[in-house]
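Read the structure below first, then the notes.
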Amino acid sequence: MALAAAFAASPALAEDLTDWSVAPAHVSWGDWTATLGGLASGSAFATSGLGSGRDAGANFSAFLYPRISETLDNGWEAGVRSTILAYHDRLAGDVYGDRTFEKAYLFLQTAYGRFEAGQADGAAYRLSVTGPSVDEVVAIDNAGTTFFRDPSTGRAVIDQFRIETADLASSNDAKFTYLSPQWFGLQLGGSYTPYDARGGLPFISRGAGGAGRQTNIFEGAANYSGYAGELSYGLYAALSLGHDDMRTPGHDNLVDWSVGGEGDYSFDAFKFALGAAFRQSNAYAFDIRDVRDSGETNAWHVSTTLTKGPWIAGFEVAKGEADNAVARAALDERGFEASLGYVLNSNLQLTLGWQGLRFRRNTGVFFNGSSAVDLNAEFLHLRFHV
């Protein structure tokens, strides 16, 4: 009730906030420009299903986005961009596995497309279309924030199997990427990741190495967008292929693919959006360090939103399955989320929601001593973006 009361008061607060907004800090000298943006995201929540009745908690994460770029004489743009995970707890901000420097890459934007080299998302993820979201940070699909801490380990429950329907096989490993211009609504992209490793530019680090590690990961993606009256739509497909050059029995080369789409329809003062995505991989629980020659992992989700002015209402349903991998259990995850967001201004959004997750396994038990666990959370999330 306290969360609902706080949210209901947000319109009055919004009247005081809509008159101001914060832009990224920037400084220019000649043709060079340096900017510093950021994202602060925090939630208050109440949970059940963790074994101790109803619990209350909070999470928080903060990112910095430093960027330097130069506009060349021919109109092209060159520079470097990065993402720094300045702070996070175990329930927030840890999409890439606890890395302070999540992204750091060189780029060249030309009339013929965009070229990148460094630690960044690959083309398969960059061009993805997976459906609308009230607030992507607290969504189930590719969650940036979660509300459930495993009492036996202290880590997030979803760390054992994160539903990610966009192809994120190469993660933020160092790579080369090309993204084409749009031709009649069609955009193409490709990436090459030499090693499952960070370290800035490609080839600087070979990573941990060892048996079962994927190398020479190639990914390609296509994105198409179009319009038909009041309807706008987007479609997406991607494929990632890797090579296990130290293959051991039971392991194989990576094959990871995904498809997705979204349609938006505007009527009167409303906008209705509906989208879905599906991903399949032979990497157990989408972990490319454990690519198997039998079994598969797949995930799908469907989401919808209805927007009017600053209000956004949405619903999401998601499901993931990971086949058993010899010494590992087969996992099944299902999730539902309903949320209502209010955009206070260009920097601030407040989201109130409910999320339910259910996990099952065919062998072994979870922290509750059972092969299944049901989790529920009510949350109030505030996002500040510059």
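The values are calculated or read from the model by the stated rules, or taken from the named source; none is laboratory data. Just so it is clear, the model here is predicted, and its values are computed rather than measured. Please note: Cβ atoms are built from the backbone with ideal geometry, for glycine as well, and neighbour counts cover all protein chains shown.
Yes or no, residue by residue, for (1) buried (at least 23 other Cβ atoms within 10 Å of the Cβ); (2) within 30 Å of A377 (Cα to Cα); (3) in contact with a helix residue (DSSP H, G or I) (Cβ under 7 Å, 6 or more places away or on another chain):
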| site | (1), (2), (3) |
| --- | --- |
| S41 | yes, yes, yes |
| S48 | no, yes, no |
| G57 | no, yes, no |
| F60 | no, yes, no |
| L64 | no, yes, no |
| V80 | no, no, no |
| R99 | no, yes, no |
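Does the stretch 267-279 hold any residues that are at pLDDT 95 or above and more than 11 Å from L306 (Cβ to Cβ), and which are they? Listed by number, the residues that qualify are G275, A276, A277, F278, R279. Across the stretch 314-329, the qualifying residues are those that are buried (at least 16 other Cβ atoms within 10 Å of the Cβ) and more than 21 Å from the chain's Cα centre (by Cα), and the one among them that is nearest to D245 (Cα to Cα) is A325.
Exactly one residue out of A299, A313, A325 is under 28 Å from G207 (Cα atoms), at pLDDT 95 or above and not polar (S, T, N, Q): that is A299.
All conditions in (1) out of contact with any Asp or Glu (no Cβ under 7 Å at 6 or more places or on another chain); (2) in contact (Cβ under 8 Å) with a residue 60 or more places away in the chain; (3) in a loop (DSSP other than H, G, I, E, B) hold for R114, with the sole exception of (3).
Of all residues in the stretch 188-231, those satisfying the criterion of being among the small types (G, A, S) and more than 23 Å from A283 (Cβ to Cβ) are G200, S225, G226, A228, G229. Hey, could you check the stretch 119-156 for residues that are buried (at least 24 other Cβ atoms within 10 Å of the Cβ) and in a strand (DSSP E or B) and say which is nearest to the chain's Cα centre (by Cα)? So the residue we want is T145.
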